[in-house]
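Read through the structure below, which is laid out as structure tokens, and then see the notes.
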Amino acid sequence: MSRTTTRWAPLTSTALCIAGLGASAYLTVEHFSSSPSYACPESATINCVKVTTSSYSELLGIPVALLGLLFFLVMTPLCLPIAWRLDNPWVPRLRLAGITLGVAFVIYLVWAELFRIDAICLWCTGVHAVTLALFAVVVLDAALRPIAAADATSGLPPRNAGRVAGKGR
């Protein structure tokens, strides 16, 4: 029997992972490019080059952009619709642990942009927003799952199921 989950979480999380993969892949390519040309305005506040070449753009010698790409490469299989239907209890735990780690890192990077680098990168902000949205989807689904699971095992119709007027059994 497959796991009970919200209907919107699998597709929403997959779409967010694909968006995160795209943006972090772009940032990774730009990082390793000999002459980065970010599609980003350059002002005092918004400056992708300043952010992505700062001392905070690497962690233990590994580019943060590459870490973001690796993060989404790991999260994508955990967020595919088939992964949401698996009976293995470790998949939702890994998904929740992974996105919690991702959000903690995003908080650190936003702090660095705002209080140490004094500039923000729009591409990085996009990745941060996707990560936060993915966190919201995973946590909200985890919070709603006990209700959906209780409905599925009680034999009663789901509490949120709409009834179609005029339809018989």
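The values are calculated or read from the model by the stated rules, or taken from the named source; none is laboratory data. Keep in mind the model is a prediction, meaning the values are calculated, not measured. Positions of Cβ are generated from backbone atoms using ideal geometry, with glycine treated the same way; all protein chains shown enter the neighbour counts.
Return the residues of the stretch 49-78 that are surrounded by fewer than 17 Cβ atoms within 10 Å (Cβ to Cβ), closer than 14 Å to Leu122 by Cβ and either of a type in the set (Gly, Ala, Ser) or modelled with pLDDT of 90 or more (or both); say none if nothing qualifies.
none
What about Ala112, is it among the small types (Gly, Ala, Ser) and in contact with a Leu (Cβ under 6 Å, 6 or more places away or on another chain)? Break it down into steps so the answer makes sense when it comes.
Details: among the small types (Gly, Ala, Ser): yes; in contact with a Leu (Cβ under 6 Å, 6 or more places away or on another chain): no.
Criteria not met by Ala112.
Among (1) within 18 Å of Ala25 (Cα to Cα); (2) of a type in the set (A, V, I, L, M); (3) surrounded by fewer than 19 Cβ atoms within 10 Å (Cβ to Cβ); (4) touching a residue at least 40 places away in the same chain (Cβ under 8 Å), there is one condition Leu109 misses while meeting the rest; what is its number?
Going through the list (1) within 18 Å of Ala25 (Cα to Cα); (2) of a type in the set (A, V, I, L, M); (3) surrounded by fewer than 19 Cβ atoms within 10 Å (Cβ to Cβ); (4) touching a residue at least 40 places away in the same chain (Cβ under 8 Å), Leu109 breaks only (3).
Residue by residue through the stretch 49-74, note down the ones that are assigned to a helix (DSSP H, G or I) and among the charged types (D, E, K, R).
Hit for the stretch 49-74 is Lys50, nothing else.
Thr100 is checked against (1) surrounded by fewer than 16 Cβ atoms within 10 Å (Cβ to Cβ); (2) of a type in the set (Val, Ile, Thr); (3) at pLDDT below 95 and fails just one. What number does that condition carry?
It fails just one condition, (3).
If I ask for residues that are farther than 16 Å from Leu69 by Cα, at pLDDT 95 or above and within 18 Å of the chain's Cα centre (by Cα), which ones from the stretch 109-136 would you list?
Val110, Ala133, Phe135, Ala136, listed by residue number.
Which of the residues spanning the stretch 19-38 are more than 19 Å from Thr131 (Cα to Cα) and within 22 Å of the chain's Cα centre (by Cα)?
Val29, Glu30, His31 - these are the residues of the stretch 19-38 that are more than 19 Å from Thr131 (Cα to Cα) and within 22 Å of the chain's Cα centre (by Cα).
Which one of Leu11, Leu16 is under 12 Å from the mean Cα position of the chain (by Cα) and either of a type in the set (Val, Ile, Thr) or in a helix (DSSP H, G or I) (or both)?
Values: Leu11 fails: under 12 Å from the mean Cα position of the chain (by Cα).
Step by step, each of Leu11, Leu16 is checked, and only Leu16 is under 12 Å from the mean Cα position of the chain (by Cα) and either of a type in the set (Val, Ile, Thr) or in a helix (DSSP H, G or I) (or both).
Let me spell it out: the conditions are (1) under 21 Å from Ala97 (Cβ atoms); (2) without any contact (Cβ under 8 Å) to a residue 24 or more places away in the chain, and Leu69 meets all of them except one. Which number is the exception?
Failed condition: (2).
Within the stretch 44-84, can you find the residues that are under 21 Å from the mean Cα position of the chain (by Cα), over 15 Å from Pro10 (Cα atoms) and among the polar types (S, T, N, Q)?
Those that are under 21 Å from the mean Cα position of the chain (by Cα), over 15 Å from Pro10 (Cα atoms) and among the polar types (S, T, N, Q): Thr52, Ser57.
Looking only at the stretch 19-48, how many residues end up being buried (at least 18 other Cβ atoms within 10 Å of the Cβ) and either assigned to a strand (DSSP E or B) or of a type in the set (S, T, N, Q) (or both)?
3
Determine which single condition Ala83 fails, assuming it passes every other condition in (1) within 21 Å of Leu27 (Cβ to Cβ); (2) in contact with a helix residue (DSSP H, G or I) (Cβ under 7 Å, 6 or more places away or on another chain).
(1)
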